[in-house]
Amino acid sequence: MDNTSSATGLTLTLLWFLAAVGWAAWRAWSGQASWPVSAVEGGLLAVIGAVMASAIGAASYKHPAWLIVSEWFVFLIAFVLVRQLARTEGDNRRLLAALLASAVSLSAYAVYQRADELPRQRQQLDNPRQLVQTLAKQGIYVDEKDPELAKRIQSNAVYATFAHPNAFGSYLALLLPAAVGLALASRQRWKEDRGSRIEDRGSKSEENGGAKKASARSIFDSRSSILDPGSSARIWLLGACALLIAVGLWLNNGRAAILASIVAVGGVVALNRTRRASIRARSVSDGSASPVANAPGSDGNAPRSDKWRLLGVATAVVAVILLVLFLNRTDALKEEAPATMQKRLDYWSATWSMIRDHPWLGVGPGHFGRFYPRYMKETAFQKIKDPHNFVLEIWSTCGIFAVLALLVAVVAFFWQIRRAWFDTENGPEKEKEPSKGGVLVESGWPFYVGGMLGLLLALVLWSLDLSKENLKDQMIVGGCLAGMRSLVWFASFGLFESISWTGSSRARALTIGVIALLATLLVSGGIVYPSVAQPLWIMAALAVNSLAQPIPVPRPTGWLPIMAPLPVIGAICLGFYVFIYSPVASCSSPLREARSYYGTYAVKVEEARARSATVAQKASSDAQKTLDHIINQLKLSALGTLKQKHEAVLADPYVELAEWLAVEWERNHQHGEAQIEVRQNARSAAEHAIRLDLEGPAGYWAKYHVNMTFAKGAKTEVHKFYEDAANAMEQLVKRDPTEARLHFELGDVRFQLNDLASWEKESEEALRLDQIATEPTRQLRRSQRLLIMSRRDPSNLGLRFELAQAIYQEGDMERGKKAAEEVQRMDQETNPPSRLTDSQRQQVQVWLKSG
């Protein structure tokens, strides 16, 4: 649905399905049963059923809807596999370490991005075409006239390897509390071990004398190696990793994620203090002396001290929140909180209107952006793709049953981990790992191998989206960046996986991260983004695993419970490959190849206008070759080859094929070689795009543009072309009734058809919407306003002159020349008092020569 997305991400989805098949096969081969299924899995399965029903009954664009259904399957698979396969403490610890290492690696890359990449992109912002070509080489295809392009680059919001800054901020908000909790738990254990060693040395010194006591203290104080479990160096490194994640979150500029993380980290710190207080209180009540209580610096008045600590934590949280709001006000590129909240209220109000019209099945998975313009306020300007609230998003797109099932899954998760909030001790010590001298010795090589394979796969998938132009240079730069991220990942993973962290404290920290993400998603989108939702459910499974008791799993007596999952999961995996993955993969490669040459064609056309005949001729020939290559690749994407014909399941290949066939027709028409077949193919491609994506605007835009192009250059059937263009524009106005420019375009076509009543009606509506619009991108251009006024007063030469001037200022040289010729004609036919001044007449001559 978004031309900046890529089909390579489907490879990761396919790998999740293959992992599920592998688990089912191993389960059938080994004969082992599964852990008991909880209400979380049942809730997610119900969500899948509701989303599937919406895809069948509500979605008009079927393929993306089914893709989203498959993503929900992956969310369930991720949760189930972690619950079923991560059965030892080492597995859970290392899986959490892999997630935290990823957050550290991406945060380090975000710092580099703010320092180097974004400044270079802002330097290229003065030349949008060059910037678009640079992004196209990286597999990111955007329109140089897209206003969101400039806003995104100027915002300074880092996004690392994510497609959107909000998704990156949500990801860090999920993992930051766990990183902080691990650092605090490690520090707490170090202090307990230090207290125990001091106590042991004290007893030995009483036996051996003061000299040996001093010697023991000097030896202890020298233990500073990172590999030494008694060293404090690892605690500092853990704190540095957590700080790096916090820096990445700050550079992300996501206010919701930042505020949620501040509260979450404050909660982790406060709960860590509460645990220490409970241990001391229990030690006193039992008459025992804990190592913490006897350690140097321990507070004898523990309850009062911890009350002050909690008050200090709360004060710090409030102070940091106020600081964030103040700093955001000083950023010219960030809106103040009241304005942001007002926008959210506008989004939610429009979404609620959409829900009232489609309460049961919604508008279809992924279809929110196609329906939102019908409900948005006339004074609003952002055409959002999600309502910035995960409850409203699921309800509006998939219906009431989907949102209820999702809430059941979330509530069931919190019910499962409820014991963590009431357990003030470290929690159940699950399966102990073999240790030697306090150092964990269980082998973690499968995770290191998995890390290498995963990072290598990421590099391969990234390289598949690159343009062939300057491929070697792109691979060198991108490979170096990927290598540095990998080094950070392995170093961080080695640090995290070497530290044991078990029980309720880990479950609380992971749960607080889940709460922080859900709080972020209450005012932001991303509940169906795989980059956000997959880590969410993995963290939820790890939190549940932290409290799960190692209970024996009974061996099933029959073969059906063991064998049943394999054919079911295998059928789902095969269906995904045949009906979703394969159709997209077959058309994505030629589509990507065609898009990589769009900027090259524009450059060659520009060079063809050079004054040097030799240069212009060569550039024109190169432009024609580039155009032929683009069209051939788009035909290959949309229709396949002569031997292997297929029809693309996506609308984009047909939309872009229609547009470029119109370019080819126009180019041939200028050379007197207009082709009827090219014209018919262009119109057919636009109609095919509309059939695939009935509610999407792209197909109607393509139909409107190609018919307007043919109408302006054709000698016959002109009225038919204008009628088809008007019908397409009417559909666009129906889907976006508050856009002033659409009403202007519809009125303009009606004027060409001599339907003056409809022209006046649409022009009046366009001027009304233009007057109340607050965003320049939602307003009419000056030339459009002047065209309406000049048509209402066709004898006003002054308006005609201003119209020609406005068209030239907007850069449309072809229309400007025609307007200047009209001004010259009217000036010659007008009586002297109303004629142009000498300076205006000279300006008209300049326009005619430049045109």
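The values are calculated or read from the model by the stated rules, or taken from the named source; none is laboratory data. Remember, predicted model here, so these are calculated numbers, not experimental data. So basically every Cβ, Gly included, is an ideal-geometry build from the backbone, and we count neighbours across all protein chains shown. We work out accessible area using only protein heavy atoms, side chains counted, and drop any ligands, DNA or RNA first. Shrake-Rupley method; radii C 1.70, N 1.55, O 1.52, S 1.80 Å.
Annotations for the structure displayed:
- Percent accessible area from carbon and sulfur atoms, the stretch 700-759, protein chains only, probe 1.4 Å: 49
- Counting 0.36 nm for each residue step from A564 to L694 and taking away their Cα separation leaves a gain of 42.9 nm.
- Protection proxy ranking for 683-694, 406-417, using the average of other Cβ atoms within 10 Å per residue and placing the highest first: 683-694, 406-417.
- The calculated FRET efficiency for the pair Y448 and A316, based on their C-beta separation and a Förster distance of 30 Å, comes to about 0.20.
- Once the 1.4 Å probe is applied to the protein heavy atoms, the stretch 486-625 comes out at 43 Å² accessible per residue.
- The stretch 60-115, accessible surface, carbon-and-sulfur percent (1.4 angstrom probe): 72
- Overall form of the stretch 697-762 per C-alpha gyration tensor (a/c, 1.5; a/b vs b/c): oblate
- For the listed peptides 807-816, 723-732, a ranking on the average number of other beta carbons within 10 Å per residue, highest first, reads 723-732, 807-816.
- Modelled FRET efficiency - R0 41 Å, V111 with S38, Cβ distances, 0.05 increments: 0.55
- Ranked by the mean number of other Cβ atoms within 10 Å per residue, highest first, peptides 578-586, 759-767, 249-257 order as 249-257, 759-767, 578-586.
- Label-to-label distance for Q382 and S850 is 3.7 nm, based on points extended 7 Å past Cα in the beta-carbon direction.
- Length gained on full extension, E666 to N727: 19.8 nm, using 0.36 nm per residue less the C-alpha separation.
- Taking label points 7 Å from Cα along the Cα-to-Cβ direction, A458 and L15 give a separation of 1.0 nm.
- Nitroxide proxy distance, nm - points 7 Å out along Cα→Cβ at S839 and Q680: 5.7
- Amide H contacts of G640 (H built 1.01 Å from N, under 5 Å, at least 5 apart or other chain): H646
- Given R0 = 45 Å, the distance between the Cβ atoms of N831 and K720 translates into a calculated FRET efficiency of 0.65.
- Under the shape rule built on the C-alpha gyration tensor, where the axes satisfy a ≥ b ≥ c, the stretch 753-822 is oblate, since a/c reaches at least 1.5 while a/b does not exceed b/c.
- The shape of the stretch 481-552 comes out oblate: with a ≥ b ≥ c from the C-alpha gyration tensor, a/c is at least 1.5 while a/b does not beat b/c.
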